[in-house]
Amino acid sequence: MAEQIPNLTAINNDLCDFSSRWSHDGDYMRCRGCKRPQITSCMDMEFPHAASCRVAGVVDPHPWRRYLEIMERLAQAAQRPTGHKES
């Protein structure tokens, strides 16, 4: 059995928390509250929630940046040796 990558609990929790508010749909990130999308090329712009969105102002205003931060941590953790040797 392969060893688990260490320190993934926090990353897993962050991914679950993120996906409870955002949906990754190809090159779009969608708010689960108002269903509005934001394309990757607009990642540095504040997310364009609908005026009636119940989570606007509560969730991260730059979801693509947050997603990339989580993925960067995951990539770094995955590159660390785990002690597992391939056969």
Exercise for review: May I ask you to list the residues in segment 32-43 that are closer than 22 Å to residue 17 by Cβ and under 17 Å from the mean Cα position of the chain (by Cα)?
Suggested key: 32, 33, 35, 36, 37, 38, 40, 43
Check your understanding: Looking at segment 30-39, which of its residues are under 14 Å from residue 67 (Cβ atoms) and surrounded by fewer than 12 Cβ atoms within 10 Å (Cβ to Cβ)?
Key -> none
Point to revise | Of all residues in segment 1-23 being outside any helix (DSSP H, G or I) and at pLDDT 95 or above, the one that is nearest to residue 55 (Cα to Cα) | key: 22
**Study point:** Qualifying positions in segment 61-74 - over 16 Å from residue 25 (Cα atoms) and open to solvent by 50 Å² or more (accessible area, probe 1.4 Å)
**Key:** 61, 69, 72, 73, 74
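The values are calculated or read from the model by the stated rules, or taken from the named source; none is laboratory data. Please read these numbers as outputs of a predicted model, since none were measured by experiment. So basically every Cβ, Gly included, is an ideal-geometry build from the backbone, and we count neighbours across all protein chains shown. To get the accessible areas, we keep the full protein, side chains included, count just its heavy atoms, and leave off ligands, DNA and RNA. Shrake-Rupley method; radii C 1.70, N 1.55, O 1.52, S 1.80 Å.
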